[in-house]
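Working notes, beginning with the structure itself.
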Amino acid sequence: QVQLVESGGGLVQAGGSLRLSCAASGSILRLYVMAWYRQAPGKQRELVATITGGGTTNYADPVKGRIAISRDNAKNTVYLQMNSLKPEDAAVYYCRGVLDTASYWGQGTQVTVSS
């Protein structure tokens, strides 16, 4: 069983930065494809970024150039560095780990961006 715990959310002004963390326990994180999703009120959950065990990354178009996903396998932690934040980035951000048919989610961390 894998447990994922997000942290680092909060209130930030537009143009500011935040770094989210996702700490994993119960398994070896480097085996998993890790991802960050977000869900704004009244909207569907959407994929923000992914990173493979080997470090290959992919980003959704709205965040390209502003957000970076990374992982520290030694610390069993995945990060989401968010820069130049916009009001439309406000959402609950969720961490997800996928290995074969297994999928695990964290509880989410709130990001609020003031204009």
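The values are calculated or read from the model by the stated rules, or taken from the named source; none is laboratory data. Predicted, not measured: the structure shown is a model, and the values here were computed from it. Cβ coordinates were reconstructed from backbone atoms using ideal geometry, including for glycine residues, and neighbour counts include every protein chain displayed. Surface areas here come from the heavy atoms of the whole protein model, side chains and all, with no ligands, DNA or RNA. Shrake-Rupley method; radii C 1.70, N 1.55, O 1.52, S 1.80 Å.
One table, with the values for the structure above:
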{"quantity": "Cβ-defined net charge surrounding Met82, 11 Å radius [Lys, Arg +1; Asp, Glu -1]", "calculated": "+3"}
{"quantity": "Global size of the chain as Cα Rg and Dmax, reported in angstrom", "calculated": "13.3, 41"}
{"quantity": "Contact order normalised by residue count of the chain, Cα under 8 Å, 6+ apart, percent", "calculated": "36 percent"}
{"quantity": "Apportionment of accessible area to carbon and sulfur, the chain, percent (1.4 Å)", "calculated": "48 percent"}
{"quantity": "Surface accessible to a 1.4 Å probe, per residue, for the residues of the chain, Å²", "calculated": "52 Å²"}
{"quantity": "Among beta bridges that DSSP assigns inside the chain, antiparallel share in %, nearest 5", "calculated": "90 percent"}
{"quantity": "Cα-projected label distance for Lys43 with Leu31, points at 7 Å along beta-carbon direction, nm", "calculated": "3.5 nm"}
{"quantity": "At 0.692 mPa s and 37 °C, Stokes diffusion of the range 67-108 via Kirkwood alpha-carbon radius, µm² per second", "calculated": "270 µm²/s"}
{"quantity": "Prolate/oblate/rounded label for the range 23-69 (Cα gyration tensor, a/c 1.5)", "calculated": "oblate"}
{"quantity": "Cβ-placed point charges (K, R +1; D, E -1), dipole of the range 43-115 about Cα centre in debye, nearest 20", "calculated": "80 debye"}
